[in-house]
1. Return the residue satisfying two criteria in turn: it lies in segment 1-15 and is in a loop (DSSP other than H, G, I, E, B) and of a type in the set (A, V, I, L, M), and of such residues it is most open to solvent (accessible area, probe 1.4 Å).
2. Inside segment 19-70, can you point out the residues that are in contact with a Phe, Trp or Tyr (Cβ under 8 Å, 6 or more places away or on another chain) and in a loop (DSSP other than H, G, I, E, B)?
3. From (1) loosely packed, with under 11 Cβ neighbours inside 10 Å; (2) modelled with pLDDT of 90 or more, pick out the condition that doesn't hold for Arg60.
4. Could you count how many residues in segment 35-57 are in contact with a helix residue (DSSP H, G or I) (Cβ under 8 Å, 6 or more places away or on another chain) and open to solvent by less than 60 Å² (accessible area, probe 1.4 Å)?
5. For segment 16-30, state whether one or more residues are in contact with a strand residue (DSSP E or B) (Cβ under 9 Å, 6 or more places away or on another chain), surrounded by 12 or more Cβ atoms within 10 Å (Cβ to Cβ) and within 11 Å of Ala68 (Cα to Cα).
Amino acid sequence: MLDRSKQGSQMPDFVLKDASGKKVPIASFKGKPLLINLWATWCAPCVAELPALDQLARARAGRLTVLAVS
């Protein structure tokens with residue numbers, strides 16, 4: 001069952017590291033379109049969808065940020 005109890009709530013603040021190790025607070029994306037994709041290296045469907053996410057990010061560059069979090 002899908003839990004929508006937090007729908008419309010503000011996302012909690014947390015910090016990610018980018019590919020170079022730089023800390024990126026999620027709050028730095030506030031007010032900007034953001035797609036967060038949670039994936040795992042061992043998950044074949046997750047890995048298979050990465051090219052489509054890359055294509056989406058390129059097609060919407062400047063209008064949408066795609067974060068793939070492993």
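1. This residue is Met1.
2. Passing the criteria: only Ser70.
3. In the conditions (1) loosely packed, with under 11 Cβ neighbours inside 10 Å; (2) modelled with pLDDT of 90 or more, Arg60 misses (1) alone.
4. Of the residues in segment 35-57, 4 are in contact with a helix residue (DSSP H, G or I) (Cβ under 8 Å, 6 or more places away or on another chain) and open to solvent by less than 60 Å² (accessible area, probe 1.4 Å).
5. Within segment 16-30, one or more residues are in contact with a strand residue (DSSP E or B) (Cβ under 9 Å, 6 or more places away or on another chain), surrounded by 12 or more Cβ atoms within 10 Å (Cβ to Cβ) and within 11 Å of Ala68 (Cα to Cα).
The values are calculated or read from the model by the stated rules, or taken from the named source; none is laboratory data. These numbers come from a predicted model, not from an experiment. All Cβ positions, glycine included, derive from the backbone under ideal geometry; neighbour counts span all protein chains shown. Accessible surface areas use protein heavy atoms only, side chains included; no ligands, DNA or RNA. Shrake-Rupley method; radii C 1.70, N 1.55, O 1.52, S 1.80 Å.
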